[in-house]
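A.B. asks: Encoded as structure tokens, here's the structure I'll be asking about.
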Amino acid sequence: MPTSCLYTGERLSLWQQVRSRNTKYFAATAAGTVCPRKYLNIKARYVNHHFDPARRNVVLASYGNADTLLGRCRFFVSTREIEPGEELYCDYGEQYWVWNGAHQFLSNAGASDPV
């Protein structure tokens, strides 16, 4: 399965993470937490979560070696052929919802909930 896009950005210290008012773009990598908020050319910023697993067409993967550039990235890998112009959906994972104070929302969400 081909990689659809890379997700990387500025590596954040714990202090920067705590002080941040917007954690929506945070991603955990082997090299620590990164945030591409300042980098509009990171196309993976636009992959959306979908609560319905049947609608998800990409999965998140990572490279385990923190000493390399790839260790600062997450990869969106397609699970099937992606049509031109098709929206990309994945599961952001529980950590995303914890970072964004929405754990209660996640536990109550069902497949019929909007994106």
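The values are calculated or read from the model by the stated rules, or taken from the named source; none is laboratory data. No experiment lies behind these values; they were computed from the predicted model shown. No Cβ is skipped: glycine too gets one built from the backbone with ideal geometry, and neighbour counts run over all protein chains shown.
A.B. asks: Take the residues in the range 53-79 that are part of a loop (DSSP other than H, G, I, E, B) and touching a residue at least 60 places away in the same chain (Cβ under 8 Å), then tell me which one is surrounded by the fewest Cβ atoms within 10 Å (Cβ to Cβ).
C.D. replies: THR79
A.B. asks: Looking only at the range 10-30, filter to residues that are modelled with pLDDT of 85 or more and part of a loop (DSSP other than H, G, I, E, B); which one of those is surrounded by the most Cβ atoms within 10 Å (Cβ to Cβ)?
C.D. replies: Among residues in the range 10-30 that are modelled with pLDDT of 85 or more and part of a loop (DSSP other than H, G, I, E, B), the one surrounded by the most Cβ atoms within 10 Å (Cβ to Cβ) is LEU12.
A.B. asks: Next up: Say we look at the range 72-92 and pick out the residues that are modelled with pLDDT of 90 or more and among the hydroxyl-bearing types (Ser, Thr, Tyr); which of these is nearest to PRO53 (Cα to Cα)?
C.D. replies: TYR89
A.B. asks: Filter the range 37-52 for residues that are in contact (Cβ under 8 Å) with a residue 12 or more places away in the chain, assigned to a loop (DSSP other than H, G, I, E, B), farther than 19 Å from GLU94 by Cα and out of contact with any Pro (no Cβ under 9 Å at 6 or more places or on another chain) and give the result.
C.D. replies: ARG37, LYS38, TYR39
A.B. asks: Another question, if that's okay. Show the residue pairs that are 6+ apart or on different chains and have beta-carbon atoms under 6 Å apart, the first residue being within the range 18-36 and touching a residue at least 60 places away in the same chain (Cβ under 8 Å), the second being of a type outside the set (Gly, Ala, Ser) and surrounded by 17 or more Cβ atoms within 10 Å (Cβ to Cβ).
C.D. replies: THR23/TRP99; PHE26/THR33; PHE26/CYS35; PHE26/TRP99
A.B. asks: Please go through the range 80-96 and give me each residue that is surrounded by 12 or more Cβ atoms within 10 Å (Cβ to Cβ) and under 16 Å from PHE26 (Cβ atoms), ordered by number.
C.D. replies: Result: CYS90, ASP91, TYR92, GLY93, GLN95, TYR96.
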